[in-house]
Amino acid sequence: MKLTLLLVFSLFLAACGQTTSGVDPLQTQKRIDEQMEKQQETKEDVVSDFPDWWLNPPMDTEDIFYFTGQGESKQIQMSLDIAILEAKELLASAIDSRLSARMTQFKTQSGLEDDMVLTSSLEKATESVISQTQVGGFRVAKKDVQAKDNKYISYVLLEYKAGHANKLLYNQIKKDAETEAKIRQTEAFKELEEAVLNN
């Protein structure tokens, strides 16, 4: 009986010493460490390949703004298109913020903050300018395409001249005589008009 118990206990201890899958935990950990190290190296390679002008774009000036974008695809042109689209979205957001501030100036300086017709007209003008801005008015100042793991990564730097948005806004306001009449005497409109005429 003692011998049987001893044999069962020995088999139990032997079974506990092995994993159920037959995989050595040290080997598994070693493979995990190697995979993590490889992923880290890949990330470092990608980061080291970023164009300097993409990481540190030129500073915006009063007249020129810069926007960066990145795109990935198995097709070169598609990766460029994605990068440009990303930069254009940033451009549209920046123009929207700038125009919204200008619209607030128009309404405040005219004393017509609560004028719903004026507000609606100015909002439509802003939307029109933003959509036209996304179609044109910018140029691709720099681009870089890199091949990585069966795909292309494109980086772009868009340059946009503020005068283009000013002109679009000015022309949009001039289309609506009532809106123009309401804001014509504001300092903000005079500044806009001067910027357009002197450009």
### Message
Looking at (1) out of contact with any strand residue (DSSP E or B) (no Cβ under 9 Å at 6 or more places or on another chain); (2) modelled with pLDDT under 85; (3) crowded, with 16+ Cβ neighbours inside 10 Å, which one does Arg102 not meet, given that it meets all the others?
### Response
(2)
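Would you point out the residue of the stretch 13-61, among those that are modelled with pLDDT of 85 or more and exposed (fewer than 10 other Cβ atoms within 10 Å of the Cβ), that is nearest to Gln146 (Cα to Cα)?
The qualifying residue nearest to Gln146 (Cα to Cα) is Asp52.
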### Task
State which residue is nearest to the chain's Cα centre (by Cα) when the search covers only the stretch 163-193 and only residues that are free of Cβ contacts under 8 Å to residues at least 40 places away in the same chain and within 25 Å of Arg139 (Cβ to Cβ).
His164
### Query
Which one of Ser97, Ser120, Ser93, Ser131 is more than 24 Å from Lys174 (Cβ to Cβ), polar (S, T, N, Q) and free of Cβ contacts under 8 Å to residues at least 12 places away in the same chain?
Ser93
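The values are calculated or read from the model by the stated rules, or taken from the named source; none is laboratory data. From a predicted model like this one, the values you see are computed outputs, not experimental measurements. Quick reminder, even Gly has a Cβ in these numbers, built from the backbone with ideal geometry, and neighbours come from all protein chains shown.
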